Each structure stands twice: as C-alpha cells, then as structure tokens.
1. Per DSSP helix of 4 or more residues, -39500 (n - 2.57); summed, then divided by the residues of the chain. What does that give at 222 nm, rounded to the nearest 500?
2. Taking the Cβ of each residue in T287, T335 as the centre, tally the other Cβ atoms inside 10 Å and list the residues starting with the fewest.
3. Could you order peptides 460-470, 446-456 by the average number of other Cβ atoms within 10 Å of their residues, highest first?
4. Name the shape class, rounded, prolate or oblate, that the alpha-carbon gyration tensor gives for segment 3-213, where a ≥ b ≥ c are the square roots of its eigenvalues, rounded holds for a/c under 1.5, and otherwise prolate holds if a/b is larger than b/c and oblate otherwise.
5. Given 10 Å bins starting at zero, what is the percent of C-alpha pairs of segment 422-469 in each, up to the one with the largest pair distance?
6. Set the bar at 19 Å for Cα to Cα. Now go through K490/K512; K444/K490; K9/K32; K262/K347; K444/K473 and name every pair that lies beyond it.
7. Rounded, prolate or oblate for segment 420-521? Axes are the square roots of the Cα gyration tensor eigenvalues, ordered a ≥ b ≥ c, and the cut-off for rounded is a/c under 1.5.
8. Sort the following peptides by mean Cβ neighbour count (other Cβ atoms within 10 Å, averaged over residues), highest first: 165-174, 246-255.
Amino acid sequence: MNTVLLFRKRSPLTEDGLPWLRGAEEHPWTAKRNLSGKGVVSAILTRALLSALSGCVLNAAASRSAEQVEAAVRSHSAPDSSANCWLDWANNRCGVPHGDERNIVTYHLGVLAIIQALAEPHKALEFWQAYSALQHAFRQYGRSAEIKESLCRAGDELYYWMRYGSADPTAVNCRLEALQIVANWPGSAGAETFAVNTAPLTDPDALRAILGESSAASPEAAPLQAGPETPGGFVGWQADALAEALSNGDRVLLAGPTGTGKTFALHQVVAHSEMLLVTIEGKEGLTDLDFIGAILPQEDGSRRWVDGPLLRAMRMAESDPVLLFIDEANRINRTFLNVLLGLMNPKTGSACRQMGLAVDGDGPFYMIEAPMTSEIVVCPAAHLRIVAAGNFGRLYQVYDLDPAVRRRFDTVIEFDYLDYREELALVQRETPTLAARAAEALVKLAQETRRLLSNGEMPGCVDTASLLNWAKKCERVRTITLAGVMQAAKLTWADTVCGRDHTGRVNQGAFKALEDYLASLAIL
C-alpha cells in the first residue's frame, strides 16, 4: 500500500464536524518517535480516531499474537448499519469495505490499528498516552477546535504505530509498503481469535486501567489545580479575575499581546468549572458555518441546516451551563460581530412570550434567529457565559472592535508579559531538566526582544508561548551553548521576531544582533 493514500485528502474535514482542520495540513504536534518536528494530518486516521471516540467500534477480536485483528464498525453515513474489516500482518493483507473495487484505503485501516494497540497495550504505550489526552479533550470540548493539538498528536502516534508497530521508525521496519488492501471478508482474520475489550476507547476508567498496567497515568487521574505553583497552571492574577467575573454573570473581554496566555487562562478556568466550552475561531475568511451555521448538501442529495458554534452553544445552554469563547475577535468581520449586538441584548421572559416564544420564568433570555430557516433559538442568560479575546494593538488588528459591541462587555481583563522573575520561574517549571543558565539566557533574550519591539527596533518579539516552545526544544536536545540555543531559535521564532528581507530570507542582521546581545551577557 502506498502510504501517500493516507494523506491524499487535502480539503477541510467539514463532513466529520472538523471544519477547522484540513487534510494534509502540517502541524507541530508530533509523535514521540517523529524527530522531524513536523506532523501531517491524515483525514483517514482522524476519522478512525473519531470513530473510536464516538463508540462506533461495535466489537473486535484479535489473534493471540495480535498480528491478526478484526472489527465491526458502525457506518458514518448510515448509523443503523455496520461494516466488518480485518487486518492480517502475517500475510500483509487488509480487508476494508470496497477496498479492491475502488482502489482506496478507508478509515477502517486506522480502526484496525487501534484494535491491535488494544490487544497489546504495553507495546503501544505512546499511542495510548496520546489517545488518553485526546479522549479527555474530546469529552470536554467535543469536535471544537480546542481538541486540535491532542487530535493531531494522537493521529501522528497512530500513524507511527500503524506503520512501524513498536519497532524503530526505519525503512526496514515499515509494515505498510507490502500491505494489500482487499474487500473480501473471510469471516475471521484466519486464526483463532479472542474478543478484545473496546471499552477503553470511550470509557476513561477502562483506559486508565490499561495505562495503569503499563505504568502510565491518565490526564484525568490527577486533575490540575489552578495557581502558579501547579505544573501547567496559568501564572498571573487574570485567571482569578476571569473566574470571579464569570461567577457573577459578566460578559468578559480579554485583551493583550499575542502569546500572553489569554486562551490558556480561559481554558484553566473552564477546566475547573461545570461549564461546557464552545469556541468561535476568529479568522479572515470566516464562513457562516464557522459562526452561526449554514445550509449544506448531504450525501443523499438533500440539503439541511447545520449549526455553527454560536447556535450550537445556545442549544446546549438551553439545559446546561455553557461558555461561548470568541477567540481573535478582532479578526472577525463586522457582519458577523454585529450578530452579537442582538444576542448580547437579553430579553425578559415577558418580552419573549409577547413574541410567541415558549419560555418559563422572568428571564433574562438570550435570543437569536437562524438565517435562512427563521428558527428562533432561546436560552436562559444564566446558562450562557460569553468571553471574547483579541490583540487590539495596531500591529495585529484587522478590524476595529465596534464600540457598540465593546460596550456589551461588562469586564475587560488586560494581559501582559510576565516580569523577569515570574517568567524565569515559569520556564524552569515547564522545562525542569533545562540547565539553569540556559533558562536564564532564554528569558533575558525574550525580554530584550519586547523592549526592542516597543521601541520600533524589531518587527516582533518572543512572546511567552514562543519562549516556552523554544525552551522545550533546547531541553530536548540538551543544549547549553550559545550556538545551540540560537539554532533552536531559528527553528522556533526567528522569522516572526526578526522578519524577512525582500528575498524572503529571515533578516540576518536582526538575528545576528540578538545573538550578539546574548553573547554579551556571558551566561552561556
């Protein structure tokens, strides 16, 4: 089988409920054995992971050696039906629906690789650790963009597991090149099989059990507590201020430079609440489906309305507490933002009933009308919290925030970069094996780039997120030299901080100036 087939779909995965992800998209969230620093989205493996997470794997079996596995998988297009598939590594054959009729590879191959990992979890530990993080995110955020990092990482781990098993990722160990895809179903993979427990695919407790057998821990086993002393916790007063504002029903605007932790702080607050999170990702080219919803063609030729994140949040808030997060609000066209003007003008119960809406109580209620269908969706304002975030500096701003929209927010929380001591403590906490002098050097250079940016002497700066990424790369390669940390800088922030010249190359003069500054500190 040509491995290129796994990555040939290059369009957005809208049919899978992931309009924010594109097949063949490159990303930095790689498998542990992927030393290239770059992963690529496989639509097939993504759909396999979603099938497992959604309980579509009905039953499975494997041979004692786990070289032969089989499964029954609920169909995506026809939920009342299922398809059988099988994998036989011993004979390099795999049976998937329509495999030899159309010369295609379907997501069933990825499902079978997951079943093999279930049959021998001790060999697939890296995949199960990534899957556990994905399962935790999926249960909290569903198919929203918040799961992108964990989904991409689990997809890359699944690819490496499927292609190489537990062996080193070398050409001699590749299992896929000789694999033949066929469509016939032999009734079993050809050997005596035993049932495989598929509960870990959807049940965190069952997944913790197999991770426990492999001496691993689930992300849910020890939930993080908010606060600067907790690994992975947000550093700063803003998280507490946000939690307080939300508890009092405020609509909150998070403002500040890119990479200062606006989204991180919000996620930490949500993780320690009962609220479900729905996100609208601000971007140029935002479509109706990315915002409120749209009428889309279906596989049977019909057309039907599909909710976007705004309507989805309101429907969820009819019964459950929901936080609607509008990220990068200043990148959203005013046509869409103006929808918020009406939404964030709650109505009394009496006013809703006068409009013919069936609501109980005095309210207030949030109300919105779906375009093209004229359906009116109403939810209690007490169930829906609204938070927007953006970098409103002229360097980054795309659209001015409409003053009328701005006035709808009761609380504005400003974010900024940490001071030197706080940032050094953060880097040391997140990269505990990085040499102390290397951590000091990285933080001092990051702080210098911000000074240069504020004076107009540098086109960008090393923000907090980029600093941590840089530090983690230095930690992985165990570098403590000037040349080593600047090489890691080239791989992380050089282009955004130094800019590019007219030929498209990173501005070497600006980069050399930063290198000279770091050398002058004589830390490394």
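Taken together, the values in this text are just the output of simple stated rules run on the coordinates, not laboratory data. Remember, it's a predicted structure, so these values are computed and weren't measured experimentally. Neighbour counts run over all protein chains shown; Cβ positions are idealised from the backbone, glycine included.
1. Mean residue ellipticity at 222 nm (helix-derived): -11000 deg cm²/dmol.
2. T335, T287
3. Highest mean packing first, the order is 460-470, 446-456.
4. Here segment 3-213 falls in the rounded category.
5. 29, 50, 20, 2
6. K9/K32; K262/K347, as the Cα separations exceed 19 Å there.
7. Prolate, because a/c is 1.5 or more and a/b exceeds b/c.
8. 246-255, 165-174
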